[in-house]
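S.K.: Handing you this structure, nothing more for now.
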């Protein structure tokens, strides 16, 4: 009897692991259905954690999306190996981010209420802060770049529009003209970005 | 090569679109010119970040779509709502303090209002004389009036007080206020044996609130020698006790002399910390050794544990003045010797209790007249 139960338990565990492994491998390939499953599955735990620790619905949503993005980006890197459950990973990242945000706001009173086991994530082992610095510097550089360069570069590099579409949208006479303009903008962006980013590196 | 051409070349290389000689040229240039290699590296870095931004933007758009299905998780229960919860968490201490202040204020106001009302009621009389009104007895008795009058020919008891013997040949001392309107007075003691005598007011002095009663009863044959004597001055802090009839039985009360003056600085009285009740009026006050040092007459109504007793020297003064001004057949002889000084308190009381009487005071009423 107990043998039977044990075998069932083993099977269930296997099924669980299997499904999580499936999801991870699907995510690695950028499957959006897998992303949806994960996203919907783990949000309640994070919402609970944030709300119990001085946060709002909106805080929970922002943080959770950031954590899912980090997970997604990590899984897209071939050499990254997820050593814990997805839930634990997301919870640990959210916890770290929320701790940081509370400290910035001066609302940290020395203790968080925890509901899950979590990885300590000290020393920026996931490169979260490095990433934030990069993207933050880029956002600032883009701001300083001003229009029309900003829209032009974002449309081309971020939104993936073709030079032809951009020329039409922005009112350039032809695609070549727009292309010329784009490279001028890129030179300026490069200058602005590396000024910022190097400052951060110091 | 213009800047634009150079950038296009680099981007083509990074996208893996260079082939053949073109690719060879590019790689040679990178090897030979470190500045160019650096430029390619930077360009690569920049494009990576832009690509990352693009990916993030796309992911966010996707997740926002997913999130619409998650709205059911919004905590909309009022008290669980994060804004309410945060407000509560943040301001709990403040709210608690504010609430306590509010409650204390409310209690304070109620208390003050109550005190003000009391003040109004008692502005002229802060003290209460200690005779015991027997309102309910009055009521009950009014129902039985006809009967009572036929059988006993007595009026209903108006109030009771205490009196004690000051002269073995038949004089008692009590308060003026206890007997001022009295028509018929009975003095009763139910200790060792039942003694019940009709007494008359012999002399009353409103100023000192003292009254001397004379036993006028055919059954009275005189008391034995009194076991106590007068002591004219007592000291602050001395232990004192009293025996009185606030109810049908004799009651012992103990305390100290807490002030040399009485109500509002009245030098006629001591202030004492003896628990007293209506019915204590006229009760003797003894010191530790059983010397008579005063007569209890009233208590403070606003202050717990503050009662007053007329000093013994005014008893002596009163008796002296009676002796010189009144013509009387039987002289009032104040007791001279204290016989119980060395006894313990229960023994002292056994001796004293037979000399202390409950006064039952009847007033003249219209009803008797009608009959």
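Throughout, read-outs are computed from the coordinates displayed, never taken from laboratory work. This structure is a prediction, so every number in the text was calculated from the model and none was measured. Methodologically, a virtual Cβ is constructed for each residue, glycine included, from the backbone with ideal geometry; neighbour enumeration extends over all protein chains shown.
S.K.: Compute log10 of I(q)/I(0) for the stretch A:86-173 with the Debye formula, placing one identical point scatterer on every Cα and leaving out solvent, at q = 0.18 Å⁻¹, to two decimals.
M.R.: Log10 of I(q)/I(0), two decimals: -0.86.
S.K.: Further question on the same structure: Taking chain B as the reference, fit the longest principal axis to its C-alpha atoms, fit the long axis of helix B:3-14 to the helix C-alpha atoms, and give the angle between the two in degrees, 0 to 90, nearest 10.
M.R.: Its long axis makes an angle of about 80 degrees.
S.K.: Find how many whole Å separate the alpha carbon centroid of the stretch B:244-280 from the alpha carbon centroid of the stretch B:1-76.
M.R.: 103
S.K.: If contacts are Cα pairs under 8 angstrom and at least 6 residues apart, what is the relative contact order of chain A in percent?
M.R.: Dividing the mean separation by the residue count of chain A yields 15 percent.
S.K.: Under 8 Å for C-alpha pairs, at least 6 residues apart: give me the relative contact order for the stretch B:277-339, rounded to a whole percent.
M.R.: Relative CO of the stretch B:277-339 lands at 21 percent.
S.K.: While we're here: Nearest 0.05, what FRET efficiency do residue B:337 and residue B:142 give at R0 = 41 Å with Cβ-Cβ as r?
M.R.: Using R0 = 41 Å, I get an efficiency of 0.30.
S.K.: So, one more: Provide B:183, B:67, A:42 in ascending order of the number of other Cβ atoms located within 10 Å of each residue's Cβ, fewest first.
M.R.: B:183, B:67, A:42
S.K.: May I ask you to sort B:242, B:324 by Cβ crowding, counting other Cβ atoms within 10 Å and putting the fewest first?
M.R.: B:324, B:242
S.K.: On full extension of the chain, what length is gained from residue B:321 through residue B:267, given 0.36 nm per residue of separation minus the C-alpha to C-alpha distance?
M.R.: The residue B:321-residue B:267 span can extend by a further 17.5 nm.
S.K.: Follow-up question, since we're still on this one. Can you put B:251, B:101, B:276 in order of Cβ neighbours within 10 angstrom, beginning with the fewest?
M.R.: Ascending Cβ contact count within 10 Å gives the list B:101, B:251, B:276.
S.K.: Shifting gears a bit: Rounded to the nearest 0.05, what FRET efficiency do residue B:96 and residue B:347 have when you use their Cβ-Cβ distance and R0 = 41 Å?
M.R.: Working from the Cβ atoms, E equals 0.10.
S.K.: Continuing with this model, one more query. Post the alpha-carbon centroid distance, the stretch B:179-198 to the stretch A:113-167, in whole angstrom.
M.R.: Answer, in whole Å: 108.
S.K.: In nm, to one decimal, how far is the residue B:24 label point from the residue A:173 one, both placed 7 Å along Cα→Cβ?
M.R.: So the two model labels end up 4.0 nm from each other.
S.K.: For a Förster distance of 35 Å, can you work out the FRET efficiency between the beta-carbons of residue B:224 and residue B:304, rounded to the nearest 0.05?
M.R.: Using R0 = 35 Å, I get an efficiency of 0.35.
S.K.: State log₁₀ I(q)/I(0) for the stretch B:149-298 at q = 0.14, 0.15 Å⁻¹ as given by the Debye formula over alpha-carbon point scatterers of equal weight, solvent excluded.
M.R.: Summing over Cα pairs of the stretch B:149-298 leads to -0.69, -0.80.
S.K.: Please tell me the relative contact order of chain B in percent, rounded to the nearest whole number, where contacts are Cα pairs under 8 Å and at least six residues apart.
M.R.: Relative contact order of chain B: 18 percent.
S.K.: Can you work out the base-10 log of I(q)/I(0) for the protein assembly as shown at q = 0.06, 0.07, 0.09, 0.12 1/Å, using the Debye formula on its C-alpha atoms alone?
M.R.: The computed values of log10 I(q)/I(0) come out as -0.58, -0.62, -0.83, -1.17.
S.K.: Can you classify the stretch A:40-143 as rounded, prolate or oblate using the Cα gyration tensor, where a ≥ b ≥ c are the square roots of its eigenvalues, rounded means a/c under 1.5, and otherwise it's prolate if a/b beats b/c and oblate if not?
M.R.: Judged from the Cα gyration tensor, the stretch A:40-143 comes out oblate (a/c at least 1.5, b/c at or above a/b).
S.K.: On C-alpha positions alone, give me the angle between the axis of helix B:20-32 and the longest principal axis of chain B, in degrees, nearest 10.
M.R.: Rounded to the nearest ten degrees, it is 60.
S.K.: Compute a Gaussian network model of chain B, connecting alpha carbons closer than 10 Å, and tell me which residue from B:59, B:243, B:226 fluctuates the most.
M.R.: Among B:59, B:243, B:226, the largest mean-square fluctuation in the Gaussian network model of chain B belongs to B:59.
S.K.: With everything on Cα atoms, drop me the angle between helix B:312-325 and the longest principal axis of chain B, reported from 0 to 90° to the nearest 10.
M.R.: 30
S.K.: Continuing with this model, one more query. If you average 1/r over every pair of different alpha-carbon atoms in chain A and take one over that average, what Kirkwood value in Å do you get?
M.R.: That comes to 20.3 Å for chain A.
S.K.: If the elastic network links every pair of Cα atoms under 10 Å, which of B:43, B:177, B:300 fluctuates the most in the Gaussian network model of chain B?
M.R.: Its mean-square fluctuation being the largest, the pick is B:43.
S.K.: Moving on. Based on Cα positions only, what radius of gyration and what Dmax would you give for chain B, in angstroms?
M.R.: 49.2, 159
S.K.: What does the C-alpha gyration tensor say about the overall shape of the stretch B:293-344? Classify as rounded when a/c is under 1.5, otherwise prolate if a/b is larger than b/c, or oblate.
M.R.: Since a/c reaches 1.5 but b/c is at least a/b, the shape of the stretch B:293-344 is classed as oblate.
S.K.: Go ahead and set up a Gaussian network model of chain B, Cα springs under 10 Å, then flag whichever of B:94, B:162, B:342 fluctuates most.
M.R.: B:94
S.K.: Decide, for the stretch B:228-371, between rounded, prolate and oblate: order the square roots of the alpha carbon gyration tensor eigenvalues as a ≥ b ≥ c, take rounded if a/c falls under 1.5, and otherwise choose prolate if a/b is larger than b/c, else oblate.
M.R.: Rounded is the answer for the stretch B:228-371, as its axis ratio a/c remains below 1.5.
S.K.: Divide by every residue of chain B the summed helix terms, -39500 (n - 2.57) for each DSSP H run of at least 4, and state the resulting mean residue ellipticity at 222 nm, rounded to the nearest 500 deg cm²/dmol.
M.R.: Value at 222 nm, helices only: -13500 deg cm²/dmol.
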